[in-house]
């Protein structure tokens, strides 16, 4: 247990350039506090002490702004950066060395029973505001872009962006602990740029056609 708690602190020092020392992380990082509270709540949940587990998770939510259901299973070295508004559902499973940013929802899609929340494999990164909904698996080393909505399974070593989420990079790209989630490909923006270019060409063609029509009319006169 002490090793796990130490890893929860060390991962913040490794991934957050603003973190200066262990004492600062232990005292001021809500993501660490939420993970620690969850580890205790989850141990109560496994002992079928459901009410104390839920009560503890709600107290943690009040103080940290991060809601983790005590039934969720979380691996080691989970890094929740800032964390305000993060929601992790009951049947969610999170592997080791996962990074989650503020506003992320790992939720369900309805009132179905059983496994209804996503599974995140090791080294997954979910950027700010992303929503991963339903019982699906996000493969190892994959990245979910900011604001994306993921409704389908994502294979390993993939980058997903957009609404609904679309895979824009798969294999051949090193992901690892890369936190540069703002420089992801944007297929929607690329499409708009292409449409803008087509519109410019169309306007030029129309202008040329009008000039030719005017010349013909002058010739007839």
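We did not get these values from a lab; they are worked out from the coordinates using the rules stated. Model, not experiment: these values are computed from the prediction. Note that we place each Cβ from the backbone using ideal geometry, even for glycine, and neighbour counts take in every protein chain shown.
List of remarks:
- As a rough footprinting exposure proxy, the listed residues 45, 36 were ranked by other beta carbons within 10 Å of their own, and the order from fewest upward is 36, 45.
- As a proxy for reagent exposure, 218, 6, 131 were ordered by neighbouring Cβ count within 10 angstrom, fewest first; the result is 218, 6, 131.
- Ranked packing of 54-62, 120-128, 94-102, most packed first, by mean Cβ within 10 Å: 120-128, 94-102, 54-62
- When each of 50, 29 is scored by the number of other beta-carbon atoms lying within 10 Å, the sequence from fewest to most is 50, 29.
- 0 to 90° range, to nearest 10: angle between helix 2-15 axis and the chain longest Cα axis: 30
- Principal semi-axes of the equivalent ellipsoid, √(5λ) from the alpha carbon gyration tensor of the chain, are 48, 19, 15 Å from largest down.
- For the stretch 1-80, the Rg and Dmax computed from alpha carbons only, in angstrom: 12.7, 39
- Only helices enter this figure: runs of n ≥ 4 DSSP H residues, each worth -39500 (n - 2.57), summed and divided by the residues of the chain, yield -13500 deg cm²/dmol at 222 nm to the nearest 500.
- In degrees, nearest ten, helix 187-220 long axis to first principal axis of the chain (Cα): 10
- Using C-alpha pairs below 8 Å separated by at least 6 residues, the relative contact order for the chain is 10 percent.
- Cα-based shape type of the stretch 64-159, given that a ≥ b ≥ c are square roots of the gyration tensor eigenvalues and the cut on a/c is 1.5: rounded
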